[in-house]
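The values are calculated or read from the model by the stated rules, or taken from the named source; none is laboratory data. Keep in mind that what you see is a predicted model, and the values were worked out from it rather than measured. All Cβ positions, even for glycine, are placed from backbone atoms using ideal geometry, and neighbour counts span all protein chains on display.
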Amino acid sequence: MSALSCHGLGRSFGALKAVSGVDLSVAPGARHALIGPNGAGKSTLFRLLTGTMRPDTGTVHLDGDDVTGLSEVRRCRRGMSQTLQHSSLFGSFTVAGTVALAVRRHTGRAVRPWPHREPDVTARTDELLTRLGLADRAGEPVPALSHGERKQLEVALALACSPAVLLLDEPAAGMSPAESARLLTLLTGLPPEVTVLFVEHDLDLVFDLADRVTVLHLGRVLLTGTPDEVRASDAVREAYLGTARREELFTG
Amino acid sequence: MTEVSRRVPAAPPAGADGSPPPRRLPRPGPAIAVVVVLVLAAAPLFLAPYATTTLTRMLVFGLLAVSLDLLVGITGLPSLGHAAYFGAGAYAAGWVSLHVTAAIPVPLLVGAAVGGIAAALTGWVAVRSAGVYFLMLTLAIGEVLAQLAHSWQSVTGGADGLAGIPAPALGGEPLANTGFLYWYVLAVGLVMFAAVWLLARSPFGTALRGIRDNEPRMRAVGYPTTLYKYAAFVAAGTVAGAAGSLLAAQQRLVTPADVGFTTAALVLLAVVIGGAGSLWGPVLGAAIVVLVRDALGPGLGGHGELLLGIVFVLVVYLLPRGAAGIGSLRVRRRRS
């Protein structure tokens, strides 16, 4: 059974079919990349999967259960977690406070309306911050972080939801090569039981991390295969570069 | 490209997560709070009765401002209809005092309950919207309830209002003395303020601040934000209802003006002047508003509102975070 799958998923904006008839199946524990040229429908598909946007047609299954009608909140409660393309955090919180916010929601306890000690939340927050290399920034207010650190915090926030499936929307967008390399180490180090589906433009990162790649083009799935199959595909090359040379695409 | 959304001037980072805000000077908060409470408690002993009454009105209005700050400053929902729940509580407390009993916890509890119920009945529509739509919906709800106060003659007394409300009674003795009435209002106000303070510092209050900062992200980490906003709305309505019961006890008269737009706008003004999100700032803001409107206004030939307008413009330009922001303003200057 796949950890996350969709069947015949479609969504139109007026006459534009942003996503149409997409079938996708992400195996448990996979590192699945979603790539495609600009306007291929990656972000729309991502939103349909997370539940931020409702599909016109098709279904989404999470761990075998139909979650098409569930909101993003309910999907998150069932083990789906996401980071957003443009880092989107909480301006008045500290780094530790941000992570604690998500950790607290997923302890299984009710969120109480009176102050009380939460040793388990603090411990888990510390653990996550250490794992993501943000431990020494724990007390900093979020606006004081650099772009790369915010992206790290995004991942910490997503992991704080104890996800079974983690969706990352362009985790390396706007990162320097050093930050991007750091992110790769971090993602490679994720627990193997966590399934990862990520949208990414940086093809180096895609081929370093992914064990499965789906290529979207004009709202449809062009190809799903191993990184090598995708690298060798003429159809993918044409979708990206018209008829230009394959080497330019994958070695630039 | 990278954006940390920040809709409302921020409160100091919460202590709920156990981490102190970084690079701040040690704050003398608790000591100041104790001194303020002691001075407030002793005030009737050295103030003239009229001044005591003005101080009582400030406290009533201050509690209303605190309840609104829970919405505006903590949750990020600027409401223009908050006086409706204040008025509902005031009418309910007044009616109970007139027709049933004025024995002390009763009008207070009835006022709080009615304020909460009114917020629960009308809030669901409001919290499903955001921004300007929320502002307009709360305005509409407030006007509807003010109209109800006007036309439901048999209960509210119509345009004349509910007059001749008896003073609240403690153990059979009515609190006719301005000093005793003041202490009653102060005691209820402090308890309610403490409750809102704790709520704002709880995990729930932290989640409300998260919603204020970035609601879509809160949904993405699994918080049902509409439900949380609704709970905050009802809590704020309950506290406003309790403040309304204090108004009935102090003024001994409730009129449709206490429910309507002018009152709602003045509280919002008090919250902004005082500094949204700090909870104590709005009390200060409320005191300024009452002082200008009731104490200085008559001396200016009824132009108190004009003075309020000038104060408001000055505060917005000079103190973007309200009176509560004065401390951090000074700290920032010293640092740079």
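The table for this structure:
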| read-out | value |
| --- | --- |
| So B:Val254, is it touching a strand residue (DSSP E or B) at 6+ places or on another chain (Cβ under 7 Å) and not basic (Lys, Arg) | yes |
| Filtered residues of segment A:92-112 (kept if facing chain B (nearest Cβ under 8 Å), surrounded by 19 or more Cβ atoms within 10 Å (Cβ to Cβ) and of a type outside the set (Gly, Ala, Ser)) | A:Phe93, A:Thr94, A:Leu101, A:Arg104, A:Arg105, A:His106 |
| Every residue from segment B:196-207 that is more than 9 Å from every other protein chain (Cβ to nearest Cβ) and out of contact with any Ser or Thr (no Cβ under 8 Å at 6 or more places or on another chain) | B:Trp197, B:Ala200 |
| Strands (runs of 3 or more DSSP E) fully within segment A:1-84 counting 2 or more residues that are more than 18 Å from A:Leu167 (Cα to Cα) | A:4-13, A:16-26, A:57-62 |
| Residue count, segment A:126-148 (criterion: more than 8 Å from every other protein chain (Cβ to nearest Cβ) and out of contact with any Ser or Thr (no Cβ under 8 Å at 6 or more places or on another chain)) | 15 |
| Which numbered condition A:Lys151 fails, given (1) surrounded by fewer than 24 Cβ atoms within 10 Å (Cβ to Cβ); (2) at the interface with chain B (Cβ under 9 Å from one of its Cβ atoms) | (1) |
| Single residue of segment A:11-61 satisfying the filter (touching a helix residue (DSSP H, G or I) at 6+ places or on another chain (Cβ under 9 Å) and small (Gly, Ala, Ser)) that is surrounded by the fewest Cβ atoms within 10 Å (Cβ to Cβ) | A:Gly58 |
| When residues of segment A:1-38 are limited to those that are under 18 Å from the mean Cα position of the chain (by Cα) and without any contact (Cβ under 8 Å) to a residue 24 or more places away in the chain, the one farthest from A:His61 (Cα to Cα) | A:Asn38 |
| Count of residues meeting criterion [in a helix (DSSP H, G or I) and out of contact with any helix residue (DSSP H, G or I) (no Cβ under 9 Å at 6 or more places or on another chain)] in segment B:30-60 | 9 |
| Selection count, segment A:65-91, where residues are facing chain B (nearest Cβ under 9 Å), over 18 Å from the mean Cα position of the chain (by Cα) and surrounded by fewer than 24 Cβ atoms within 10 Å (Cβ to Cβ) | 1 |
| Residue pairs meeting the criteria (Cβ under 6 Å; at least 6 apart or on separate chains; first facing another protein chain (nearest Cβ under 8 Å), in segment B:215-229; second of a type in the set (Gly, Ala, Ser) and outside any helix (DSSP H, G or I)) | B:Arg217/A:Ser88 |
| In segment A:113-122, residue nearest to A:Glu140 (Cα to Cα) [restricted to those that are at the interface with another protein chain (Cβ under 9 Å from one of its Cβ atoms) and either β-branched (Val, Ile, Thr) or free of Cβ contacts under 8 Å to residues at least 12 places away in the same chain (or both)] | A:Thr122 |
| Qualifying residues in segment B:151-185 (those that are closer than 26 Å to B:Ala265 by Cβ and buried (at least 17 other Cβ atoms within 10 Å of the Cβ)) - the one farthest from the other protein chains (Cβ to nearest Cβ) | B:Gly157 |
| Some residue of segment A:171-189 being within 29 Å of B:Gly205 (Cα to Cα) and either out of contact with any Lys or Arg (no Cβ under 6 Å at 6 or more places or on another chain) or within 13 Å of another protein chain (Cβ to nearest Cβ) (or both) | no |
| From the options B:Gly260, B:Gly210, residue that is of a type in the set (Gly, Ala, Ser) and either away from chain A (no Cβ under 14 Å) or touching a strand residue (DSSP E or B) at 6+ places or on another chain (Cβ under 6 Å) (or both) | B:Gly260 |
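Conditions (1) over 22 Å from the mean Cα position of the chain (by Cα); (2) at pLDDT 95 or above, marked per residue:
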residue: B:Val110; (1), (2): no, yes
residue: B:Ser129; (1), (2): no, no
residue: B:Gly142; (1), (2): no, no
residue: B:Gly157; (1), (2): yes, no
